[in-house]
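The structure appears right after this line, and notes come after that.
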Number of protein chains: 2
Amino acid sequence: MTALPNRDRRAERREATRLEILDAAWQIARRDGLAAVTLREVGAIVGMRPPSLYSHFESKNAIYDGMFAQAWAGARVALSKVEPDPKQPRRSLLVGAETFFDFSVADVARYQLMSQAVLPNFEPSPEAYAESQGAYGRMVALMHQVGVRRSADLDLWTALIAGAISQQLANDFGGTRWRQQLPRLVDMFADAVGLPGPKLRRTR
Amino acid sequence: MTALPNRDRRAERREATRLEILDAAWQIARRDGLAAVTLREVGAIVGMRPPSLYSHFESKNAIYDGMFAQAWAGARVALSKVEPDPKQPRRSLLVGAETFFDFSVADVARYQLMSQAVLPNFEPSPEAYAESQGAYGRMVALMHQVGVRRSADLDLWTALIAGAISQQLANDFGGTRWRQQLPRLVDMFADAVGLPGPKLRRTR
DNA sequence: GTCTATATTCTGATAGAC
DNA sequence: GTCTATCAGAATATAGAC
């Protein structure tokens, strides 16, 4: 009787290569934009000829798909680190907002892949889309714990955060002009949905 | 003595061709995305061989530049039609918000060119950038007339509108899920900056 | 101002040897 | 699983005739 090994070294190696390829694609995307990712350059970075990449991804869009899933998985992890305190709903909202804001502006290409349709031919697979839903679910859970439950209120919240991020990236890239408005946005939102607690900032 | 003609028919014809080319580029951008615009296809639409386009635009980016200027000129015109009533500041803000929101979601490609960096190699010329500043100036003038003057308040306002547009395009394309939140956004904003007037919507 | 011809380079993807 | 060879095509841009 031969004991089966409890680790599949071949599968591990394969997965490591997949991650290397995705990492190379991220490098290019961060440097020259999402659309600049080419199999040629990905291959050059990982030390492969372009056709060899097809042993690991069935198409270029499959690479984008893997990146999409990674991006939202990262957002979910970041949001999971936020520990809301129901006794301090406004503080908790601010921490959640800052967490997602900082995660987003840290990598424009990643944010564009996650939330903007900059790649006309790309649509996430069901598996990748599920990752985005997982991250959204984390955010919803966080909001529930501080007392925000109505879906219209959640929509309002996502719009506030998306707007701050969008403006920061478009009109003050690398700065803090909109990031520093987050406490005010949280107060506005908290007042609008009836959350208790002291204001984070003085009124005017 | 020979009277000079008071119309330069040649210049008019030239300008008309320029507009035809830009129009063709818009058609492609709307159908397949901004990055899908190629000289080949633009030429096919206007009935020219690709090299002939260089008689009217010095490069492909010059075409994007013309589109950028047109887009912001259109936004300025749309905003100019808004007539704010200082006695009804909230109503006025709502009309302004709806105007820019509708203009934006009516053409995703146009919005991406105006406000998102989806073309890595494109940067607007000073002339085109001035168009965007003109539209922003119209918005600022509108806000001034209803009593919003602090620059931090203007930043807050642009973030709210950008957020609603961004979410509408990303998560409910073609729908009204975020558009119908505009009255609430206006109330939130008006309360935060101390504008008088009755709420547009009941509180909850 | 438009054309033909061409330069140069790049693209994603497939076939088949090793 | 990686390679070479290749496909089939597209890209922007320039030169020079008409």
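For the peptide A:146-159, the mean number of other protein chain Cβ atoms found within 10 angstrom of a residue's Cβ is 4. Annotation for residue B:2 and residue A:44: the two label points, set 7 Å from Cα along the Cα-Cβ direction, are 5.9 nm apart. Among rounded, prolate and oblate, which fits segment B:32-101 when a ≥ b ≥ c are the square roots of the eigenvalues of its C-alpha gyration tensor, a/c under 1.5 means rounded, and a/b larger than b/c means prolate? The shape class here is prolate. Taking a straight Cα-Cα cut-off under 15 Å and skipping sequence neighbours fewer than 8 places away in the same chain, the aspartates and glutamates within cross-link reach of residue B:81 are B:98, B:102.
When chain B is turned onto chain A, the axis of that turn runs closest to one Cβ of chain B, and that residue with its distance in whole Å is B:163, 1. Separation of segment A:79-127 and segment B:76-107, taken as the distance between their Cα centroids, equals 29 angstrom. The fewest-to-most ranking of B:99, B:38 by surrounding Cβ atoms within 10 Å reads B:38, B:99. Angle of helix B:151-171 to the longest C-alpha principal axis of chain B, folded into 0 to 90 degrees and rounded to 10: 70°. So how tilted is helix A:182-193 from the main axis of chain A? Cα-based, degrees 0 to 90, rounded to 10. Relative to chain A, helix A:182-193 is tipped by roughly 60 degrees. Inter-chain Cβ neighbour count for B:109-122, averaged per residue, equals 4 (cutoff 10 Å, partner chain atoms only). Helix B:9-32 against the longest principal axis of chain B: what's the angle in degrees, Cα atoms only, rounded to the nearest 10? The two axes meet at around 60 degrees.
The lysines whose alpha-carbon is closer than 18 Å to the alpha-carbon of residue B:199, local same-chain residues fewer than 8 away aside, are B:87. Within the shell of other residues whose beta carbon sits under 13 angstrom from the beta carbon of residue A:90, the net charge comes to +1, with Lys and Arg scored +1 and Asp and Glu -1. Straight-distance candidates among the lysines for linking to residue A:60, with alpha-carbon spacing under 28 Å and chain neighbours fewer than 8 residues away dropped: B:60. Peptide A:160-173 has a mean of 6 when you count, residue by residue, the C-beta atoms of other protein chains within 10 Å of its C-beta.
Read the figures in this text as sums done on the coordinates, not as results from a lab. Since the model is a prediction, treat every value here as computed from it, not as a measurement. We place every Cβ from the backbone using ideal geometry, glycine too, and count neighbours over all the protein chains shown.
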